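Below you'll find the structure, written out as structure tokens, and then a few comments.
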Amino acid sequence: MDIDKKVLDEYDEYKSSILDELKRISLPKEHPFLKYPKTPESRNLEFYILLSMMLRKESNIPKRLLQKCNAVENGKFSHMKFLEGLDETLILYYILVVNMENISSVIYEPSNIRQNNKTLEYSCVFKFPTECMINIEVKTMRCDPFEKEANLKINNVQDGTILIKKLVNDDAGYEKLLSEHRDAVELKNSTYYSAFNRNIKKLLRSLTAKKIFNAK
């Protein structure tokens, strides 16, 4: 058997396993994965298949992440919740792509790092330069200026126009961006900057606690 056929056979095996899991979990009828592989958004399911191949059969993390991506909020389908769930999978996928040879294991919602009643997404155990466990929390910041802002006055803006909005306190970078794109429309409302800071402070508080386990 040549290497290409072996990989394809392995891919088909993991794909079948993920599709079986998809049938078992309860997803709202609007969920993109139910249209796999007919639409571009539904093909994000491939990341769960590839994660399964990377982590091998003994890991149930891809299926757990798939279950978490049910996109249900208040009993209804939420596209934003779908994207948040997908983010957790994409972050882990790219971490493994870059560091696969240096990661000995991945732990899903590790109980030994639950502090202040905070459960993180997953941890990766790195081998070099010294063995250590990196605890990962994925936080999606909703910064779309069209989602909550009022009085933006962009009704007459044409497709292709650059919109610039300040989300973090970076005056020099912001002014440089404005000077480089003099035809851009500046969105001046600043509601997201304070929300961004609040979320960061809240996250830091939830992750800061007395060290309760012996690990780097």
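Here are a few things to note about the model shown:
- Yes/no for Met53 being touching a residue at least 60 places away in the same chain (Cβ under 8 Å), in a helix (DSSP H, G or I) and surrounded by fewer than 18 Cβ atoms within 10 Å (Cβ to Cβ): no
- Screening Ser52, Ser42 for residues that are among the polar types (S, T, N, Q), within 20 Å of the chain's Cα centre (by Cα), closer than 17 Å to Ser123 by Cα and modelled with pLDDT of 95 or more leaves exactly one candidate, Ser52.
- Candidate set: the stretch 1-39, residues that are among the acidic types (Asp, Glu), in a helix (DSSP H, G or I) and at pLDDT 90 or above; chosen: the one nearest to Leu83 (Cα to Cα): Glu21
- Odd one out for Lys81, checked against (1) of a type outside the set (Asp, Glu); (2) more than 20 Å from Pro129 (Cα to Cα); (3) at pLDDT 95 or above: (3)
- Qualifying positions in the stretch 32-46 - over 10 Å from Ile18 (Cβ atoms), in contact with a Phe, Trp or Tyr (Cβ under 7 Å, 6 or more places away or on another chain) and not polar (S, T, N, Q): Pro32, Arg43
- Residue match in the stretch 170-193 (condition: in a strand (DSSP E or B), within 23 Å of Phe82 (Cα to Cα) and at pLDDT below 70): no
- Residues located in the stretch 62-113, provided they are among the charged types (D, E, K, R), in contact (Cβ under 8 Å) with a residue 12 or more places away in the chain and over 16 Å from Val138 (Cβ atoms): Lys63, Lys76
The values are calculated or read from the model by the stated rules, or taken from the named source; none is laboratory data. Since we're looking at a predicted model, the values are computed, not measured. Ideal geometry is used to build each Cβ from the backbone, glycine not excepted, and the neighbour counts take in all protein chains shown.
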